[in-house]
Amino acid sequence: MNDRLKQQIEFLVEIDKMKNIYRQTLVLHEDRAENDAEHSWHLAMLVMILSEYSNQPIDVLHVIKMVLIHDIVEIDAGDTYCYDVEGNKTKAEREEKASQRLFGILPDDQKQELYNLWREFEDKNTPESKFANVVDRIQPITLNYRKGGISWKNHGVSSKQVLDRNAHVCEGSKELWEYVKDIIDDAIEKGMLS
């Protein structure tokens, strides 16, 4: 086996660990937490189906690549709940370190490509990264809402926290931001959020 192929296979084996990184969001049809691999696949589907709601034209394949790799760093850094104030203080540093190790398994050209995609997602400066971040927010909001707000209730999350944490959705999709606000309003009315 040539060195390039060996590196690529090692990376693909390593990222299988995403199946063991559990999130706070529960899957809809079972009583278990969603894992990062399921989350990333679901985001890719959201991009395919909802891309027409992006505020600006986007390269759909580019966004799909971004959402498929955006949580790979959690293999080393762990999943930080978006409303965890303390955990979010060290998240960027932990994830940057993880990105170097994990993407570093690949041949240099692919290492750079995946690192650049991950960095673009984190920086939220392009139409593609803004939309990738939209789907990364509306997916757990939708699942949590459809599960009766269980994650919000378990962590004592308020409607203000949800609104503040997700306000950037408007930058990528005004229409999907309206969807988020409708969910939050209904969640307040139904006692899922204070």
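Please go through region 141-160 and pick out each residue that is assigned to a helix (DSSP H, G or I) and more than 26 Å from Ser51 (Cα to Cα). Show your work before the answer.
Taking region 141-160 first, the residues assigned to a helix (DSSP H, G or I) are 141-146, 150-155, 159-160.
Hits for region 141-160 are Ile150, Ser151, Trp152, Lys153, Asn154, His155, Ser159, Lys160.
Given the condition within 24 Å of Trp152 (Cβ to Cβ), touching a residue at least 12 places away in the same chain (Cβ under 8 Å) and among the small types (Gly, Ala, Ser), answer yes or no: does some residue in region 99-110 qualify? Steps first, please.
Pass one, region 99-110, residues within 24 Å of Trp152 (Cβ to Cβ): none.
No, region 99-110 has no match at all.
Would you mind stating whether Arg165 is in contact with a helix residue (DSSP H, G or I) (Cβ under 9 Å, 6 or more places away or on another chain), charged (D, E, K, R) and closer than 17 Å to Tyr53 by Cβ? Quick ask: steps written out before the conclusion?
On the way: in contact with a helix residue (DSSP H, G or I) (Cβ under 9 Å, 6 or more places away or on another chain): yes; charged (D, E, K, R): yes; closer than 17 Å to Tyr53 by Cβ: no.
Considered against the rule, which asks whether it is in contact with a helix residue (DSSP H, G or I) (Cβ under 9 Å, 6 or more places away or on another chain), charged (D, E, K, R) and closer than 17 Å to Tyr53 by Cβ, Arg165 comes out as no.
What single numbered condition from (1) on the phi > 0 side of the Ramachandran plot; (2) part of a helix (DSSP H, G or I) fails to hold for Val180?
Status for Val180: all satisfied but (1).
Identify all residues within region 67-117 that are of a type in the set (Phe, Trp, Tyr) and either on the phi > 0 side of the Ramachandran plot or buried (at least 20 other Cβ atoms within 10 Å of the Cβ) (or both); write none if there are none. If you could, list the steps in order and put the result at the bottom.
So the first thing to find is which residues in region 67-117 are of a type in the set (Phe, Trp, Tyr), and the list is 81, 83, 103, 115.
Across region 67-117, the qualifying residue is only Phe103.
Could you please find all residues in region 162-176 being under 14 Å from Pro140 (Cα atoms) and either open to solvent by 10 Å² or more (accessible area, probe 1.4 Å) or outside any helix (DSSP H, G or I) (or both)? Before the answer, list the steps.
Taking region 162-176 as the starting set, the residues that turn out to be under 14 Å from Pro140 (Cα atoms) are 162-163, 165-166, 169, 176.
Hits for region 162-176 are Leu163, Arg165, Leu176.
Which of the helices (runs of 4 or more DSSP H) found entirely inside region 5-109 contain at least 2 residues meeting this: under 18 Å from the mean Cα position of the chain (by Cα) and of a type in the set (Asp, Glu)?
Working: elements: 36-50, 60-69, 74-77, 85-103.
The helices (runs of 4 or more DSSP H) meeting that bar are 36-50, 74-77, 85-103.
What tally of residues in region 85-126 results from selecting those that are at pLDDT 95 or above, within 22 Å of Val169 (Cα to Cα) and basic (Lys, Arg)?
Number of matching residues: 2.
Looking at region 69-98, which of its residues are within 20 Å of Glu38 (Cα to Cα) and in contact (Cβ under 8 Å) with a residue 40 or more places away in the chain?
Correct list: Ile69, His70, Asp71, Ile72, Val73, Glu74, Ile75, Gly78, Asp79, Tyr81, Cys82.
Report yes if some residue within region 172-193 is over 22 Å from Glu34 (Cβ atoms) and touching a Cys at 6+ places or on another chain (Cβ under 6 Å); otherwise report no.
Taking every residue of region 172-193 in turn, at least one turns out to be over 22 Å from Glu34 (Cβ atoms) and touching a Cys at 6+ places or on another chain (Cβ under 6 Å).
Is it fair to say Tyr179 is within 24 Å of Leu28 (Cα to Cα), open to solvent by 60 Å² or more (accessible area, probe 1.4 Å), among the hydroxyl-bearing types (Ser, Thr, Tyr) and touching a helix residue (DSSP H, G or I) at 6+ places or on another chain (Cβ under 9 Å)?
It is true that Tyr179 is within 24 Å of Leu28 (Cα to Cα), open to solvent by 60 Å² or more (accessible area, probe 1.4 Å), among the hydroxyl-bearing types (Ser, Thr, Tyr) and touching a helix residue (DSSP H, G or I) at 6+ places or on another chain (Cβ under 9 Å).
The values are calculated or read from the model by the stated rules, or taken from the named source; none is laboratory data. Just so we're clear, the structure is a prediction, and the values are computed from it rather than from any experiment. Cβ: placed from backbone, ideal geometry, glycine included. Neighbour counts: every protein chain shown. When the accessible area is computed, the model is the full protein with side chains, heavy atoms only, and any ligands, DNA or RNA have been set aside. Shrake-Rupley method; radii C 1.70, N 1.55, O 1.52, S 1.80 Å.
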